[in-house]
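The structure under discussion appears below in the form of structure tokens.
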Amino acid sequence: MPKNPTAKLLTEIYERLVKQNGLRNWWPVKHNAGANAGFEITAGAILVQNTSWRNASRALENLNSAGIWGYRAIHECAVDDLVEAIRSSGYYNTKSKKLKAFAQVVVEDFNGNDSELFALSIPELRERLLGIYGIGEETSDDIILYAAKKPSFVVDAYTRRVVDRIGIKIDGNRYSDYQEIFEANLKPDVELWGELHAQLDGHAARVCTKRDPRCGECVLVDLCDTRASRHLG
Ligand code: SF4
């Protein structure tokens with residue numbers, strides 16, 4: 001039976017996953033990009049599209065090692081060098097164009113400083129990001145939440161899977177319908193939203209897997225409609 005997406009239910013899910021897994025402290029930042037503290041996150045948000053974080057992370061390390069680090073460096077480097085550095089992330093020709101497009105906006109429209117871009121209000125920032133080549137809703141919200149540190153809940157395939165399987169009531173199938181579940185019921189807390197998104201992703205990747213979810217070891221099992229229908233546990 002579908003469950004209303006109450007703050008109580010979402011908080012219970014959050015607390016159980018954190019208790020099980022510990023804090024994930026997402027999004028990881030390893031290298032200094034000077035004044036542009038958001039660079040590693042924005043570049044990572046583009047590189048992780050359609051691939052694993054492991055592959056995206058390797059591409060980030062290669063970019064850093066190659067000295068292509070920061071918006072201005074991306075903007076000014078040769079395309080071939082950029083493609084070579086991000087090869088591990090897959091779709092490298094397209095992703096190099098996306099990185100170049102993003103860097104061009106920061107360099108030419110915001111004085112090379114992402115804090116000027118991130119100073120926009122959430123609706124303005126979202127609209128600006130969605131207007132950049134290669135930035136869709138999920139990537140936009142990754143950047144708003146983790147780089148700009150403003151509350152915009154990130155929805156991805158993992159989030160949808162856990163929400164659907166638990167049986168949380170939802171009024172549609174659009175990105176915004178899933179986002180609304182969290183944004184309408186949880187206080188706008190950047191740390192909480194960032195951690196909850198990361199916990200849901202980790203849970204979907206390791207336990208609530210696409211095929212053969214491991215319901216027998218799931219800490220959400222008594223909250224979940226799918227488990228009930230599978231007669232597991
Ligand atoms: S009980 Fe099974 S289907 Fe439900 S959330 Fe847990 S792993 Fe996923």
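Residue 212 passes every criterion in (1) farther than 20 Å from residue 141 by Cα; (2) among the charged types (D, E, K, R); (3) assigned to a helix (DSSP H, G or I) apart from (3).
Scanning segment 192-204 for residues that are assigned to a loop (DSSP other than H, G, I, E, B), out of contact with any Asp or Glu (no Cβ under 9 Å at 6 or more places or on another chain) and either at pLDDT below 95 or within 15 Å of the ligand (Cβ to nearest atom) (or both) turns up nothing. Of note, residue 154 does not satisfy the criterion of being in contact with a Leu (Cβ under 6 Å, 6 or more places away or on another chain), within 12 Å of the ligand (Cβ to nearest atom) and open to solvent by less than 10 Å² (accessible area, probe 1.4 Å). Looking only at residues that are assigned to a helix (DSSP H, G or I) and open to solvent by less than 10 Å² (accessible area, probe 1.4 Å) in segment 86-98, which one is nearest to residue 62 (Cα to Cα)? By that ranking, first place goes to 89. Within the bounds of segment 60-67, is there any residue that is buried (at least 20 other Cβ atoms within 10 Å of the Cβ) and outside the structural domain of residue 222 (by TED's automatic domain parsing)? Looking for residues that are buried (at least 20 other Cβ atoms within 10 Å of the Cβ) and outside the structural domain of residue 222 (by TED's automatic domain parsing), one finds at least one in segment 60-67, hence yes. Taking (1) open to solvent by 10 Å² or more (accessible area, probe 1.4 Å); (2) polar (S, T, N, Q); (3) part of a helix (DSSP H, G or I) in turn, residue 140 satisfies each apart from (1).
All of 195, 180 fail the test of being out of contact with any Ser or Thr (no Cβ under 6 Å at 6 or more places or on another chain), free of Cβ contacts under 8 Å to residues at least 12 places away in the same chain and surrounded by fewer than 19 Cβ atoms within 10 Å (Cβ to Cβ), apart from 180.
The values are calculated or read from the model by the stated rules, or taken from the named source; none is laboratory data. Nothing here was measured: the structure is a model prediction, and the numbers come from that model. With ideal geometry, Cβ positions are generated from the backbone for all residues, glycine too; neighbour counts draw on all protein chains shown. Protein only, heavy atoms only, side chains kept; ligands, DNA and RNA dropped before computing areas. Shrake-Rupley method; radii C 1.70, N 1.55, O 1.52, S 1.80 Å.
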